[in-house]
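Read the structure below first, then the notes.
The values are calculated or read from the model by the stated rules, or taken from the named source; none is laboratory data. Because the structure is a prediction, the values reported are computed rather than measured. Methodologically, a virtual Cβ is constructed for each residue, glycine included, from the backbone with ideal geometry; neighbour enumeration extends over all protein chains shown.
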Amino acid sequence: MDVVEAIVGDHVRFEQLLRALRVRDVHVDAVRERRVALRAELAHLLVGHAIAEESEVYPKLRELAGGGAHVEHGEDEHIEGHRKLLVLLDVDDVLAPEFDRALGKLANSLAHHVDEEERTLLNDARLQLGVEAREALGLAWVAERDRLIADGCGSRAAVAALVPDGRSASPPQQRDPLTHAPDAIG
């Protein structure tokens, strides 16, 4: 499995998940259930993808001529993505406007990162790694990504641990468990 094609495949899946998370219809309970499940899938895939890139792919790309600055920038963007993902995970009501805003911010950040990564790091890999090296790297990356996902890498606690200050950009609101309204104590 070519590492470039595998990574781009995840990029395509990210957009599919984001698109599905934007959908609303009259079946509110179905939308709620779907959004909760898709948000969890997106969180696990985003985090597993990023951590596996940093452990399996980025070190090899750092060795390539001129790859170091692109790798560091990619790592910084992963942290920013984790921070925006954490905000999305902290929205209790997946039908609330806060969810749509958090989703939009994550989608914009992710689109920027994917564009840059495909134009820089992945093209570096295409140009400077042979087919066999890309295939070996692809197998290692997929195995690590899948292991991380199986271990629950996209849980709220796991994502918070990836953010340097351990918090999202905006702390979660305390909500009354009966009404789901913001609690005045928060």
Qualifying residue in the stretch 22-43 (condition: of a type outside the set (Gly, Ala, Ser), farther than 16 Å from Asp93 by Cβ, under 13 Å from the mean Cα position of the chain (by Cα) and part of a helix (DSSP H, G or I)):
yes
Of all residues in the stretch 112-132, which are in a helix (DSSP H, G or I), aliphatic (A, V, I, L, M) and touching a residue at least 12 places away in the same chain (Cβ under 8 Å)?
Val114, Leu121, Leu122, Ala125, Val131
Considering His73, His82, His44, which residue is under 20 Å from Asn123 (Cα atoms) and either of a type in the set (S, T, N, Q) or touching a residue at least 40 places away in the same chain (Cβ under 8 Å) (or both)?
His73
What's the number of the only condition in (1) charged (D, E, K, R); (2) surrounded by fewer than 20 Cβ atoms within 10 Å (Cβ to Cβ); (3) at pLDDT below 90 that Asp25 fails to meet?
(3)
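For the stretch 158-178, does any single residue satisfy the condition of being among the β-branched types (Val, Ile, Thr), at pLDDT below 95, outside any helix (DSSP H, G or I) and touching a helix residue (DSSP H, G or I) at 6+ places or on another chain (Cβ under 6 Å)? Show your work before the answer.
Step one: list which residues in the stretch 158-178 are among the β-branched types (Val, Ile, Thr), which gives 159, 163.
Remaining after also requiring at pLDDT below 95: 163.
Checking which are outside any helix (DSSP H, G or I) leaves us with 163.
Right, trim to touching a helix residue (DSSP H, G or I) at 6+ places or on another chain (Cβ under 6 Å) and you get 163.
The answer is yes; a qualifying residue exists.
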